[in-house]
Amino acid sequence: MRWARCWVVVESDSAVVDSALAVSCPRCGGVPDPEGGPGHLARCRQCGTLGRIHDPLSRQRLVARRCLDLDAALSVLCKSVVPNGEPGPGLLSSELLYVPFWRTEAIVAGRVRGQRERLERDVERVIDDQGLARYTTRRETGPPQEIDHEVQRMHTVFVSACPLTELGLPLLDHHRQRPGALALQQSPNGSVVFDVFSPALRDDATVLDSLVPEHVASAEAALVLSALSAGITSSLLPGAQAHTEILHNETTLIFWPVWHLRFAVGARRGEALIDGVGGGAIAVRLVEANSHNHFAKRLFGLIALSAGLFCGAIMRLSLAPPSWLAGEEAGSARLKLLCVGAAATFTCWRALKYVLQQHLGKAK
C-alpha cells in the first residue's frame, strides 16, 4: 500500500510554488509516522499499516515537531541571561525559523581482525589504622587479546543546509557534529517526533530554503563515515585489519524549529537562538549599551567640527576679508558671504540638533 501523498511543483518565471495533498493511511485514514519505518516507509500510528511515502523530488523532507512555544523560549532565555533576583529581559521581536539540515543515516558492517591490549584491574580493600576501609585499584597489562568478530553499527551524520553562523548557529560538517547546544536528537520528553513537510508550514513561520546541494552534503557525510569506519581499529594494536562497507545509506532533508529572539536587558540589547525541540539556548549575544553608538557619536562629532569650520571660514571672509575682498567694490560680495554664512550656520545647527535628539538621544 502507498500513502496518499503527492507533491506538485509548478515552475513559473517568478517563483516556484509547491503544494501538498493530505497525507493519510490508505486503510484507516490515520496519520503516518515517518520515523516508523526504514527508508521512505512510514507506519500508521493507529492501525500499524506500513506504506511508502512517494516523493517525486527523490528525497524525503521531514519537519521536527516543535515542543517549545514562545513563552517557553522566553523562559529559557531568562535563565540564560538574567541572574536570579533581577528582572527578566524585555522581548523586542520574535521569529520562528525552520532551519534545514541534511541527515544521512548509514549502516556500516564489516569484520575486524587483530589484537587488543589486555588490561586487568584488581580492586584491593585496605583497612587503615583507624579501622576505615578504602579501596585501591591496580591496573596490570596482560598478554594481548585476539579479536576476530563482525561489526555492524548505525551512524547518523548532520550537515548544515543553510549556514547561519552570523546568528551563532553552529556549522555542522565533517569538522563538527552534534554540538551540545543544538540537540538534534533530544527533546524534553526524550524523543523527537517528525512530520512530513508541508508548504502550510510557511504560514506561521519562516522556512529557510536549502542552500547546500544534496551532493555536497553527501560528500561531507562520506568524510564523517570514513573517519568513523577508520575508528573501529583505533583501540586495537598496530597491524589490525578491518574491512567495512556501507549496507544502507539514506539522506533526508530535515527542518528544525529555532526561535530567533531579540531582547533588551536594561539599556543593553541582544539576540538569541533557542532550540524549539530540545529547549536549549543555542546562542545568546548581548551588546553593551553604548558600544554600538560609539562610532555614531564620533562620526557626529566629526561632521559637527567640519560644519563649524566651513561656516566659520565663510563668516571670516565676510567680517575679516583678505586684501582681494577689502575694497569698496567688493562690499556687495562681502554682504552676500555674510548672509550665506549666517544661513549655513543656522541650517547646520538645526540639522545637528535634530540628529542629536532623534537618533543619538534614543540610544543612551
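Only the coordinates and a few stated rules stand behind these numbers; no lab work does. What you see is a predicted model, and the numbers here were worked out from it, not measured in a lab. Positions of Cβ are backbone-derived with ideal geometry, glycine not excepted, and every protein chain shown enters the neighbour counts.
Across the range 224-280, the relative contact order, built from alpha-carbon pairs under 8 Å that are at least six residues apart, equals 22 percent. For Gln145 and Arg111, the difference between the fully extended length at 0.36 nm per residue and the C-alpha to C-alpha distance is 10.6 nm. A simple spin-label model places the labels of Cys78 and Cys339 6.5 nm from each other, with each point 7 Å out along Cα-to-Cβ.
Under 20 Å from a label point set 7 Å out along the Cα-to-Cβ vector of Leu208, the amide N atoms of the range 237-276 belong to 252-263, 270-276. Sorting the Cα pairs of the range 210-285 by distance into bins of 10 Å, from 0 upward, gives 14, 25, 25, 20, 12, 4, 0 percent per bin.
Applying 1/(1 + (r/R0)^6) with r as the Cβ-Cβ distance of Asp69 and Phe310 and R0 = 51 angstrom yields a FRET efficiency of 0.35.
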